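Worksheet for the structure shown next.
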Amino acid sequence: VGLHNHGFWRPKSLLDTARFTLSFNSWHRKIHQDSQALWKHEAVQKYLETLSKEYQQVSHLLKADSLNDFEQRTLRRRCADLSPIAAAFQEIKEAEKEVQELEAMCRELDKRDEKQLLELALEEKETLDEKMNLLCRKLFQLLVPKEKYDRSPVILEVTAGRTTGGDICQQFTKEMFEMYQNYADYKHWTFDVVNYTPAEIGGLHHAAAHISGEDVYRHLKYEGGTHRVQRIPETGMSSRMQRIHTGTMSVIVLPQPEEVDIKVDPKDLRIDTFRAKGAGGQHVNKTDSAVRIVHLPTGLAVECQQERSQQLNKEIALRSLRAKLYQQIIEKQLSQEQSARKLQLGTRAQSERIRTYNFTQDRVTDHRISYEARNIKEILDGKEALDKLINRLLEFAEIEAVTEYLESLQASEGGDC
């Protein structure tokens, strides 16, 4: 007996869906849309009602004695998928009812000119609204499939761009690398520097770090791309004339799944050694401890000069090379699975300008979500302000994913008619 014969429709599970793009035919998503606003949309409500009813039907069917082993296993898996979604859906419905009751109370208090009571009620409503948004975010996190690399450690690379403003790119690159180092500390991650090439005037040409911990790639995957800086140089003619210069630096974030081992044929490698540059202790410029590895078939090159031991540097460089080769596989998969996304993901658009840091206006703008934050220093500190920006990106991506899924669901329903 097929499962569909038991009287319920089983839509393709969101948990099985790999990727999403965007655009709702019946609803033009606004760039500032948040989780609670998406929750109120009719298509979302309809879909969640369908899942909730399906959960009830599956739970009821599991009590039947007529199921064979295969049907029981299939239904249990589906029940496990639907249970947290149904529970979150019910929790939001209850919270929404509380909000509606409180809004009615506020209207009544306003009519009676009960200012003190109204003020207290409005404060409680603000707290409930925040709770609603958190609950909606939790629900959409359940709906959106976990990307297979989200829990992976990463190789993060920063590289200074070019500018007529002298050293502002190198200085900004150094500040950005330190920002990610501070963020790793804030998130209790491990941050191991694998390459560090300083500029002569105190900035940074290029650096790379291996970052491991809980959900590292999930939080850093949207940092990949071109970051633009606008500032008045601290020295030179431009500083005296108060002229603003624009420069760029790039960030690359490569997931590095620990369980994946990319085979590299030693015959395909050219390994060069050279003397380390910059900070690193007494061994600097005295021994050929630094290592550069070139993968001849692809032209990919990596280097490491942080350790005193040439062998250790070689091992770290090989690890970075495997990460880059694995990234090529990921890139190929992503390009096959999706044609475009409004929000550029991780390394999908390393050349895309994703964020501007305007020092003269003390403003950081993320162009993908039109998010603006004041106080650049707080962002560059790599703590709460940066975490807030990163979480806003994650929320935006989750909303996009749910939106696109519902669009594809509507399209499939239309095709079935």
- Mind giving me the nanometre distance, one decimal, between the label points for residue 131 and residue 117, set 7 Å out from Cα along Cα→Cβ? 2.1 nm
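Please work out how much length the chain gains when fully extended from residue 68 to residue 178, using 0.36 nm per residue of separation minus the C-alpha to C-alpha distance, in nm with one decimal. Intermediate values should be presented prior to the final figure.
On the way: separation 110, 0.36 × 110 = 39.60 nm, distance 5.86 nm.
So the chain would gain 33.7 nm between residue 68 and residue 178.
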- Taking residue 93 as the anchor, which aspartates and glutamates have their alpha carbon closer than 16 Å to its alpha carbon, excluding any fewer than eight residues away along the same chain? 42, 49, 101, 103, 129, 130
- Message: Just to confirm a number: summing +1 for Lys and Arg and -1 for Asp and Glu over residues other than residue 295 whose beta-carbon lies under 9 angstrom from that of residue 295, what do you get?
- Response: +1
- segment 28-143 - Rg (one decimal) and Dmax (whole number), Cα, Å: 19.2, 65
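Would you please classify the overall shape of segment 102-170 from the alpha carbon gyration tensor, given that a ≥ b ≥ c denote the square roots of the eigenvalues, rounded means a/c under 1.5, and beyond that prolate means a/b larger than b/c while oblate covers the rest? Don't jump to the answer; show the numbers that get you there.
Numbers: a/c = 6.01, a/b = 2.01, b/c = 2.99.
Since a/c reaches 1.5 but b/c is at least a/b, the shape of segment 102-170 is classed as oblate.
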- Over segment 28-143, relative contact order from alpha-carbon pairs under 8 Å, at least 6 apart, %: 35 percent
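Could you report segment 28-143's accessible area per residue, 1.4 Å probe, as an integer in Å²?
Numbers: 7280 Å² over 116 residues.
Ligands and nucleic acids excluded, the result is 63 Å² per residue.
Would you kindly state how much longer the chain becomes between residue 49 and residue 275 on full extension, computed as 0.36 nm times their sequence separation minus their alpha carbon distance, in nm to one decimal? Intermediate values should be presented prior to the final figure.
Details: separation 226, 0.36 × 226 = 81.36 nm, distance 6.48 nm.
The residue 49-residue 275 span can extend by a further 74.9 nm.
The values are calculated or read from the model by the stated rules, or taken from the named source; none is laboratory data. No experiment lies behind these values; they were computed from the predicted model shown. Glycine gets a Cβ as well: all are built from the backbone with ideal geometry, and neighbour counts include every protein chain shown. Each accessible area value is taken on the protein alone, full model and side chains, heavy atoms only, with ligands, DNA and RNA left out. Shrake-Rupley method; radii C 1.70, N 1.55, O 1.52, S 1.80 Å.
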